[in-house]
Amino acid sequence: PTAALAVAVLRLCLPGAPLASQDEGMAAAKLYGKHFANVDLSQDLQLQRLVADVAIASSRTDVLEKLVRSLRDNASRAVLVKSYASDRCLIGAQRMFETCWEKDTCLHNVMLGAYIAGRDMASAEKLLSHAS
């Protein structure tokens, strides 16, 4: 399926939408994992976050890995990590960062910024020591 189709169908499952369920996005995450795992959702950060949030909360690393793999490049992955950092959600940012198999300077800088903004200097120092 195309990205436009996947986004349209998954948007119907967002909280408050016609196909939304009571489980805070679980239906969209299941649908994504089953039918749209290879579709790049980088055009819709809200959907990326919904799928990632549910995957993180339910310990569905398989769905999280599919989401990361489907994003076309590290810049798209960095945007997702940064969205967690902007919301001061270090756990989400860290889980997304850890799931990225290819970590470039941009991704490291985003994660470093998240740790600094969250005043987690121990993790920032650990990241710096592993990066060099």
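Worth pointing out:
- DSSP loop trypsin sites (Lys or Arg not before Pro) with at most 15 other Cβ within 10 Å: longest gap in the chain: 1-71
- Protection proxy ranking, peptides 107-113, 3-9, average beta carbon neighbours within 10 Å, highest first: 107-113, 3-9
- On the chain, 54 percent of the accessible area sits on carbon and sulfur atoms, based on a 1.4 Å probe.
- Lysine-lysine proximity count for the chain, Cα under 20 Å, sequence distance 8 or more or distinct chains: 7
- The angle separating the long axis of helix 105-117 from the principal Cα axis of greatest extent in the chain is about 80 degrees.
- Amide N of the range 31-46 lying under 13 Å from the label point, which is placed 7 angstrom from the Cα of residue 79 along Cα→Cβ: 40-46
- Pairwise label distance in nanometres, residue 98 with residue 120, each label 7 Å out on the Cα-Cβ vector: 0.9
- Label-point separation, residue 91 to residue 109 (7 Å along Cα→Cβ), nm: 3.0
- Percent of Cα-Cα distances greater than 20 Å, calculated over the chain: 43
- Taking the chain and dividing mean pair separation by its residue count, relative contact order in percent (alpha carbons under 8 Å, at least six apart): 17
- In the full protein context, the chain carries 54 Å² of accessible surface per residue, based on a 1.4 Å probe and ignoring ligands, DNA and RNA.
The values are calculated or read from the model by the stated rules, or taken from the named source; none is laboratory data. Values in this document were obtained by computation on a predicted structure and should not be read as measured data. Counting neighbours? That spans all protein chains shown, and the Cβs are built from the backbone with ideal geometry, glycine included. Note: areas computed on protein heavy atoms with side chains; ligands, DNA, RNA excluded. Shrake-Rupley method; radii C 1.70, N 1.55, O 1.52, S 1.80 Å.
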